[in-house]
Amino acid sequence: MTENATIKIGDKTYKYPILEGTRGPKVLDIRTFYKDTGMFTYDPGFTSTASCSSAITFINGEKGELRYRGYPIEELATKYKYLEVCYLLINDNLPSKEEFLEFDNELRHRAFVDEGLRKLFDSFPRNAHPMAMLSSAVSALSTFYFDHLNTTNEKSLREMAARIIAKIPTLSSFAYRRGLGIPIIYPDIDRYFTENFLYMMRAYPGGKMHKQPGIRASKDISDIEIKALDTIFTLHADHEQNASTTTVRTVASTGAHPYAAISAGIDALWGRAHGGANESVVAQLELINDIKNVDKYIKKAKDPDDPFRLMGFGHRVYKNFDPRARILKNLQDQLKNELGLDSKLLEIAHKIEEIALNDEYFKKRKLYPNIDFYSGVILTALGIPKNMFTAIFVIGRTVGWISQWMEFKKDKKAKIARPRQLYIGP
Ligand code: CMC
């Protein structure tokens, strides 16, 4: 039997059904609230609003729990490759060996982009931010594919998904190399997704790699590096209805092209409060520069009159710990020597963590290190520059965005996103 909630306004009483999902808090169904009462609900930042129903990702912020399609993130990050996780997010089941080989092979072949798109990168100024180039390139990708309106065709939806997942690392490496003013490297179909991305970042023109130590840009790719980056991609793969995913769904709701929606998602991710935090974390560690300065910056972060925030701390949903951060911290500890993590950055990060976790200000507000606090130091050791960190987030998250887009397209209850307002003007 459906449980109901009663809302009394003046002398009138209204009844609303309480919906129950498979996990997580119950949800009050207020879809007819305005029609019934003539009132809107007010919830800036959607702190109490479920904008859709979804079967992809589940988060319990109090328990620090994250699951993709029911699987705990700890299991996915340690036992599966990123592409297996992609398959899971898109298809709702982990691939068999044959399915994996077919999917992996498809993505290798779809990693190439039209030469026209490659030339687009020549028109960007060299100091353009990679996120701006990436968003523009993904938007431009929509000029090449026209089957996006065929949303009742499962094959067409899957092709849309496979193409964008496969091409994002290629476009990201183009953005990186444009910034350096060096020729792009085409994908190598003999390499696995994550290795291929590192290859396109590092190789010399013509695809040559060198083992010569000290030459970072041409450094050969080790299995440990592939594993570390693969794990980072998995940890970023989806995160329920966060700001960029909500943006993707909003654009999807208007019927626009899926790559236009992903392009908008990239823009939303760019900001420092969201995916851009990973770039800011390392910039902040460099600014702090020495453990003796940590106290000063903690003080600034606590000062309500100072806009300074400790980057990589706090989360809208996680109020105990961020499970992604815990996995990355373990990875940092494991790979400290093998990857040659920057000991000075680590020392400052550990000091911040130690002070903040014992400080009343952070404890009271339940501010814990999030995923971005730990990813930057590992990415630095992989030779990835700061301004590419958020692009790494994009590579991991694209599968989440496109899975959410597919789910939206199949949702019979989906409507154009069109919130209302509390008008306070003249
Ligand atoms: N440093 C100092 N104080 C903070 C911080 C921080 N990083 N984060 C939140 N606070 C304080 C904030 O000032 C407020 O204090 P008061 O109650 O006295 O006004 C209180 O904590 C609640 O903050 P809020 O801004 O209302 O919380 P929110 O849920 O709207 O914002 C957040 C969440 C992640 C945007 C915020 O914690 C933040 O700006 N963190 C730093 C940026 C960051 O690391 N972002 C990455 C998030 S994880 C990756 C992702 O999924 O995108």
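The values are calculated or read from the model by the stated rules, or taken from the named source; none is laboratory data. Fair warning: this is a prediction, and the values are worked out from it, not measured in the lab. Note: ideal-geometry Cβ built from the backbone for every residue, glycine included; neighbour counts use all protein chains shown. Areas reflect the complete protein model, heavy atoms only, side chains present, ligands, DNA and RNA absent. Shrake-Rupley method; radii C 1.70, N 1.55, O 1.52, S 1.80 Å.
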* **Unit charges on C-beta of K, R, D, E only; dipole of segment 207-340, Debye** => 160 debye
* Using amide H atoms built 1.01 Å from N in the peptide plane, name the residues 5+ places from Phe313, or on other chains, whose amide H lies under 5 Å from its own. => Asn370
* How big is the antiparallel share of DSSP beta bridges in the chain, given as a percent to the nearest 5? -> 95 percent
* Asked: What dipole magnitude, in Debye to the nearest 20, does the chain give about its Cα centre under +1 on Lys/Arg Cβ and -1 on Asp/Glu Cβ?
  -> 840 debye
* **GNM top mover of Leu94, Leu357, Leu382 - the chain, alpha-carbon springs below 10 Å** => Leu357
* **In Hz, Karplus ³J(HN,Hα) per residue of segment 398-407 (6.51, -1.76, 1.60; θ = phi - 60°; x = Gly, Pro)** => 3, 4, x, 4, 6, 5, 5, 4, 5, 4
* To do: Calculate one ³J(HN,Hα) per residue across segment 150-155 by plugging θ = phi - 60° into the Karplus curve 6.51 cos²θ - 1.76 cosθ + 1.60, and present them in order as whole Hz with x for glycine and proline.
  => 7, 7, 8, 9, 4, 4
* Can you pull a Stokes-Einstein diffusion coefficient for segment 266-335 at 4 °C (1.567 mPa s), Rh from Kirkwood over Cα pairs, as a whole number of µm²/s? => 94 µm²/s
* If we count every other residue with Cβ under 10 angstrom of Asp147's Cβ, Lys/Arg +1 and Asp/Glu -1, where does the sum land? -> 0
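Taking a probe of 1.4 Å, how large is the accessible area per residue of the chain, in Å²?
50 Å²
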* Structure fact -> The Cα radius of gyration of the chain, divided by 2.2 N^0.38 Å with N its residue count, comes to 1.03
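As an exercise, take the mean of 1/r over every pair of distinct alpha carbons in segment 2-84, invert it, and state the Kirkwood radius in angstroms.
15.7 Å
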* Structure fact -> Per the helix-only model, the chain has a calculated mean residue ellipticity at 222 nm (DSSP H runs of ≥4, -39500 (n - 2.57) each, divided over all residues, rounded to the nearest 500) of -15500 deg cm²/dmol
* Solvent-accessible area, 1.4 Å probe, carbon plus sulfur percent, for segment 197-297 -> 57 percent
* **Dipole magnitude of segment 311-377, debye to nearest 20 (Cβ charges: Lys/Arg +1, Asp/Glu -1, about Cα centre)** => 400 debye
* **Accessible area (Å², 1.4 Å probe, nearest 10) - Asp295** => 100 Å²
* Which semi-axis lengths, in whole Å and largest first, follow from the square roots of five times the eigenvalues of the Cα gyration tensor of segment 114-156? -> 28, 11, 6
* Asked: Leaving out ligands, DNA and RNA but keeping every protein chain, what accessible area does Glu154 have, in Å² rounded to the nearest 10, with a 1.4 Å probe?
  -> 70 Å²
* Structure fact -> GNM of the chain, Cα pairs under 10 angstrom: of Val27, Val281, Val317, the biggest fluctuation goes to Val27
* Where is the GNM fluctuation largest for the chain (alpha-carbon springs, 10 angstrom cutoff): His129, His350, His315? -> His350
* Asked: In square angstrom, rounded to the nearest 10, how much accessible surface does Thr250 have for a 1.4 Å probe?
  -> 60 Å²
* **Farthest positive-ward along segment 1-66 dipole, Cα basis, beta-carbon charges - from Tyr42, Thr32, Ile18** => Thr32
* **Fraction of the pair-distance distribution of segment 112-200 above 21 Å, Cα-Cα pairs, percent** => 33 percent
* Go through Tyr71, Tyr199 and list them by solvent-accessible area, largest first, probe radius 1.4 Å. => Tyr71, Tyr199
